1. For segment 149-159, what are the residues that are open to solvent by less than 60 Å² (accessible area, probe 1.4 Å) and modelled with pLDDT under 95?
2. Tally up the residues in segment 101-134 that are of a type in the set (Val, Ile, Thr) and farther than 21 Å from Val187 by Cβ, please.
3. For segment 86-114, which positions are in a loop (DSSP other than H, G, I, E, B), open to solvent by 60 Å² or more (accessible area, probe 1.4 Å) and under 16 Å from His33 (Cβ atoms)?
4. Could you grab me the full set of residues in segment 115-148 that are crowded, with 19+ Cβ neighbours inside 10 Å and farther than 15 Å from Pro180 by Cα?
5. Evaluate segment 168-176: report whether one residue or more is in contact (Cβ under 8 Å) with a residue 12 or more places away in the chain, surrounded by fewer than 21 Cβ atoms within 10 Å (Cβ to Cβ), within 20 Å of the chain's Cα centre (by Cα) and under 19 Å from Val36 (Cβ atoms).
6. What is the residue count in segment 104-123 for residues that are of a type in the set (Gly, Ala, Ser) and more than 15 Å from Val163 (Cβ to Cβ)?
7. Specify which of the listed residues (Ile112, Ile138, Ile166, Ile186) is modelled with pLDDT of 95 or more, under 26 Å from Gln49 (Cβ atoms) and in contact with a His (Cβ under 6 Å, 6 or more places away or on another chain).
8. Can you go through Ser146, Ser93 and tell me which one is at pLDDT below 95 and of a type in the set (Gly, Ala, Ser)?
Amino acid sequence: MRSLARKFLLAFLFYLGAQAGAYAQDVAGASDHPEVGRYQGAVIDFYSQKGYDELRLPTGPLGREQRDRPDDWQVSLEGKTTSIRYVGPASRSVLEIIRNHQRALEGNGFEIVFTCRGQQECSPPQIPTFWDAARAGIGLPTTWNSTVYLVARRDGPEATVWVGMIGVEVPARGENPLMPNLAVTIVETLPMETDQIAVIEASELEQTLVRDGKIAIYGIHFDFDSADIQPQSADQI
């Protein structure tokens, strides 16, 4: 009987260890961005990277009269975009986490463009416009009253790097400790690759048709909701 109880205890401890290990593991394919790093003990549970995208980040507080004038308080960015969400470590405040990131960014040559805390500094209550822009499409708990936000930039010879981060806290409840959530957006404003639309020469088209029996033709544009071909398609046709 004692042996059975011991086996049960060991199995239970193994289960707890496995659960803790699963929680402490980043989502598959994720990694820290070299310009940002992570607060020790945080875990990545969302990660996305795009070679080219466009988005806006707040560079100042949102006033009630600016709600429909995004150019007054946002910057429009285009380039390589990395989106990361960190969870934890438990019982650490979002303010402590972002202040640590701020210090690291400043040490890495970044200029802090804007930082704010809570509804008094970031945005009027009951207006989600600021929070939606700041999280840049990354899902977060809606405990906006605990928000801390920061945006920084560093100009370089090849690209300007922007870092936006917004953090919120899930309050402690019962046996669950306070849990910080941090959304980090990094935009490297590299120019988009252009001149990617090619005109196929007739001789190449003929060779491909003979070889494959088919060919894909790009660069033919139509008017919206119409069969009329636009003039810039003439060379391709």
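The values are calculated or read from the model by the stated rules, or taken from the named source; none is laboratory data. These numbers come from a predicted model, not from an experiment. Backbone-built Cβ (ideal geometry, glycine too); neighbour counts: all protein chains shown. When the accessible area is computed, the model is the full protein with side chains, heavy atoms only, and any ligands, DNA or RNA have been set aside. Shrake-Rupley method; radii C 1.70, N 1.55, O 1.52, S 1.80 Å.
1. So in segment 149-159, the residues open to solvent by less than 60 Å² (accessible area, probe 1.4 Å) come out as 149-152, 154, 156, 159.
Within segment 149-159, Gly156, Ala159 qualify.
2. Within segment 101-134, the subset of a type in the set (Val, Ile, Thr) is 112-113, 115, 127, 129.
Checking which are farther than 21 Å from Val187 by Cβ leaves us with 127.
Result for segment 101-134: 1.
3. Taking segment 86-114 first, the residues in a loop (DSSP other than H, G, I, E, B) are 88-93, 108-110.
Filter once more, keeping what is open to solvent by 60 Å² or more (accessible area, probe 1.4 Å): 91-92, 108.
Correct list: Asn108 only.
4. Cys116, Cys122, Ser123, Phe130, Trp131, Ala133, Ala134, Ala136 - these are the residues of segment 115-148 that are crowded, with 19+ Cβ neighbours inside 10 Å and farther than 15 Å from Pro180 by Cα.
5. no
6. Going through segment 104-123, the residues of a type in the set (Gly, Ala, Ser) turn out to be 104, 107, 109, 118, 123.
Now restrict to residues that are more than 15 Å from Val163 (Cβ to Cβ): 118, 123.
So the count comes out to 2.
7. On the way: Ile112 fails: in contact with a His (Cβ under 6 Å, 6 or more places away or on another chain); Ile138 fails: in contact with a His (Cβ under 6 Å, 6 or more places away or on another chain); Ile166 fails: in contact with a His (Cβ under 6 Å, 6 or more places away or on another chain).
Being modelled with pLDDT of 95 or more, under 26 Å from Gln49 (Cβ atoms) and in contact with a His (Cβ under 6 Å, 6 or more places away or on another chain) holds for just one of Ile112, Ile138, Ile166, Ile186, which is Ile186.
8. Working: Ser93 fails: at pLDDT below 95.
Of the residues listed, the single one that is at pLDDT below 95 and of a type in the set (Gly, Ala, Ser) is Ser146.
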